[in-house]
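Encoded as structure tokens, the structure appears first; notes follow it.
The values are calculated or read from the model by the stated rules, or taken from the named source; none is laboratory data. Keep in mind the model is a prediction, meaning the values are calculated, not measured. With ideal geometry, Cβ positions are generated from the backbone for all residues, glycine too; neighbour counts draw on all protein chains shown.
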Amino acid sequence: MNKGKVIILGGGVIGLCSAYYLKNRGFEVTLLDKGDFSSGTSFGNAGMIVPSHFVPLAQPGMIVKGIKWMFDAESPFYVKPRFSRSLLDWGWKFYQHSSEKHVKGAAQLLKELNLESKKLYVSLCDQLEDIKIDEKGLIMYCQTQLALDEEAALADQAMKLGLKAVVMDNQQLNDLDPNLTFNVKGGVYFPEDAFFSPKLFLEKLKSDLKAAGVKMVSHVDDLKFVVHEDLKSIDTNQGFFSADQFVISAGVWTGKLAQFLGLNIPIQPGKGYSFTIEHPVETPSICSILTEAKVAVTPMSEGLRFAGTMEIGALNFDVDQRRVYGIKKSICKYFPSFTIKDFNEAKIWTGLRPCSPDGLPYIGRTKKLPNVLLAAGHGMMGMSLGPITGKLIAEIADNQSPEIEISKLAVERFH
Ligand SMILES: Cc1cc2nc3c(=O)[nH]c(=O)nc-3n(C[C@H](O)[C@H](O)[C@H](O)COP(=O)(O)OP(=O)(O)OC[C@H]3O[C@@H](n4cnc5c(N)ncnc54)[C@H](O)[C@@H]3O)c2cc1C
């Protein structure tokens, strides 16, 4: 049954997963992308699927850490000081949400969304032939007692939420991943996390969508929205596109697009880098995070990927070599078999995380224009939350109440 036409703006993981679930429900789907469906943040990230990430970026202590790190050119978190009304407004909202109360309110929902999304990934990867998801979990490696104590407290919270988490000494860590030499005080193991190659998954999803009849139009630019009570169509350099419903899932560029429709959707870019070593000196079998350095390490089909740095407010793809060097130095400190030379040839990839000020995505219908839905602002966990976001968007487009209570994700919550 044809349930009507839907146009999706933006073909990263969020747009592609939305297309998949909308198509499955019987909608006629067209995806429009400003690039070529491979230039977004979704393609070079660390590929971690993370039920363990139930704490939003807006959390107590983050502002103080951010200020301290502003004076360290190699630090993993950074806000470039500059006058920008939108950055100031975002920062104020971030400050207001950096509280225990907010973290407590968000944790249950993020856990539920991430667990459900992981389940969906497992069945999606089953359907997409040749795509393997590694369900071996994630290790948080800690070099200092302070970080280990903080991670142990987080493990405690995780268990209270019903997640599995194990605090481990070096012997246990070694038994868990004997392929790796590490220099740490201990760690925490989250067995319910998983990892894979985001690029391979998305390439396969794209070809399956095309085969299923989803129209994909790349290099779409010069957008003009035609609004009469609701959104009727979009005039572009690639032609005129009309539909019954529209989904905006354009990552960091969503705020700008929403502005054209009179919507205030605060999103700041959180710039990060990754690089992949095809033949590393050691290959871990489980993905990990170097806790103090905030560096992600993922074994995937392309090689061993390292990712890190969060520079808030930088809407550009410039590479700051000092921060990349900070990532490389930390890897060698945690994993002493590696030397800086190992990374000499590594090509640096830049990605922009779409960060909302409360660390929660925007998912749902807009009140202002009820045939416009938004799916954006997933920050550090967009890859992880791709399938559940797509499923929720399809349910909402189909006028069904979502299975998960998502009022905290209301699109116009900052209006
Ligand atoms: C270094 C790094 C590591 C990360 N690691 C992880 C991880 O391990 N796990 C995890 O869950 N998340 C991770 N993330 C976060 C994750 O990558 C993002 O949250 C996610 O990719 C966002 O997906 P998206 O579809 O919203 O945006 P994007 O992937 O950026 O896609 C947006 C798309 O919109 C298109 N677009 C832009 N403007 C327009 C327009 N005007 N019209 C039409 N199309 C437009 C773009 O071309 C692009 O294709 C990481 C991010 C970084 C930077």
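So ASP230 fits all but one of (1) closer than 30 Å to VAL167 by Cβ; (2) surrounded by fewer than 18 Cβ atoms within 10 Å (Cβ to Cβ); what number is the exception?
All conditions pass for ASP230, except number (1).
Would a scan of the range 260-268 turn up a residue that is more than 10 Å from the ligand (Cβ to nearest atom), assigned to a strand (DSSP E or B) and at pLDDT 95 or above?
Within the range 260-268, one or more residues are more than 10 Å from the ligand (Cβ to nearest atom), assigned to a strand (DSSP E or B) and at pLDDT 95 or above.
Just to check your reading of the model, which residue among LYS367, LYS391 is over 17 Å from ALA250 (Cβ atoms), away from the ligand (no atom under 16 Å from the Cβ), surrounded by fewer than 24 Cβ atoms within 10 Å (Cβ to Cβ) and outside the structural domain of ALA307 (by TED's automatic domain parsing)?
Going through LYS367, LYS391 in turn, the sole match is LYS367.
Can you give me the ranges of the helices (runs of 4 or more DSSP H) entirely in the range 7-119 with at least 2 residues that are buried (at least 23 other Cβ atoms within 10 Å of the Cβ), within 16 Å of the ligand (Cβ to nearest atom) and assigned by TED's automatic domain parsing to the domain that holds VAL372?
Per the criteria, 13-24.
Could you grab the pairs with beta carbons closer than 8 Å, sequence gap of 6+ or different chains, first residue in the range 400-411 and free of Cβ contacts under 8 Å to residues at least 24 places away in the same chain, second one in a loop (DSSP other than H, G, I, E, B)?
none
Restricting the search to the range 181-193, which residues are crowded, with 22+ Cβ neighbours inside 10 Å and in contact with a Phe, Trp or Tyr (Cβ under 7 Å, 6 or more places away or on another chain)?
The answer is VAL184, GLY187.
Could you say which residue among ALA250, ALA243 is of a type in the set (A, V, I, L, M, F, W, C) and either within 11 Å of the ligand (Cβ to nearest atom) or touching a Phe, Trp or Tyr at 6+ places or on another chain (Cβ under 7 Å) (or both)?
Within the list ALA250, ALA243, the selection yields ALA250.
Can we say ALA153 is hydrophobic (A, V, I, L, M, F, W, C) and without any contact (Cβ under 8 Å) to a residue 60 or more places away in the chain?
yes
Only one of these is within 30 Å of GLN143 (Cα to Cα), away from the ligand (no atom under 12 Å from the Cβ) and crowded, with 19+ Cβ neighbours inside 10 Å: GLY313, GLY379, GLY308. Name it.
It is GLY313.
Output the number of the condition that MET381 fails; it satisfies all remaining conditions of (1) over 25 Å from LYS119 (Cα atoms); (2) touching a His at 6+ places or on another chain (Cβ under 7 Å); (3) of a type in the set (A, V, I, L, M, F, W, C).
Of the numbered conditions (1) over 25 Å from LYS119 (Cα atoms); (2) touching a His at 6+ places or on another chain (Cβ under 7 Å); (3) of a type in the set (A, V, I, L, M, F, W, C), the odd one out for MET381 is (1).
Taking strands (runs of 3 or more DSSP E) that do not extend beyond the range 142-255, which have at least 3 residues that are outside the structural domain of ASP33 (by TED's automatic domain parsing)?
Counting at least 3 such residues, we get 166-168, 186-190.
Residue check: is GLY359 among the small types (Gly, Ala, Ser), in contact with a Ser or Thr (Cβ under 9 Å, 6 or more places away or on another chain) and either within 14 Å of the ligand (Cβ to nearest atom) or at pLDDT below 95 (or both)?
It is false that GLY359 is among the small types (Gly, Ala, Ser), in contact with a Ser or Thr (Cβ under 9 Å, 6 or more places away or on another chain) and either within 14 Å of the ligand (Cβ to nearest atom) or at pLDDT below 95 (or both).
Condition first: in contact (Cβ under 8 Å) with a residue 12 or more places away in the chain and more than 18 Å from GLY308 (Cα to Cα). Now tell me which residues in the range 332-357 satisfy that.
Residues satisfying the conditions are PRO336, SER337, SER356, PRO357.
Would you mind stating whether GLU403 is charged (D, E, K, R), farther than 30 Å from LEU31 by Cβ and assigned to a loop (DSSP other than H, G, I, E, B)?
Here the answer is no, as GLU403 does not meet what is asked.
Considering only residues that are of a type outside the set (Ser, Thr, Tyr), in a helix (DSSP H, G or I) and more than 15 Å from the ligand (Cβ to nearest atom), which ones fall in the range 330-342?
Residues satisfying the conditions are CYS332, LYS333, ILE340, LYS341, ASP342.
Listed residues VAL214, VAL252, VAL220; which is touching a helix residue (DSSP H, G or I) at 6+ places or on another chain (Cβ under 7 Å), buried (at least 20 other Cβ atoms within 10 Å of the Cβ) and not small (Gly, Ala, Ser)?
VAL214
Which condition from (1) of a type outside the set (S, T, N, Q); (2) surrounded by 23 or more Cβ atoms within 10 Å (Cβ to Cβ); (3) part of a strand (DSSP E or B) is the one that ILE327 breaks?
It fails just one condition, (3).
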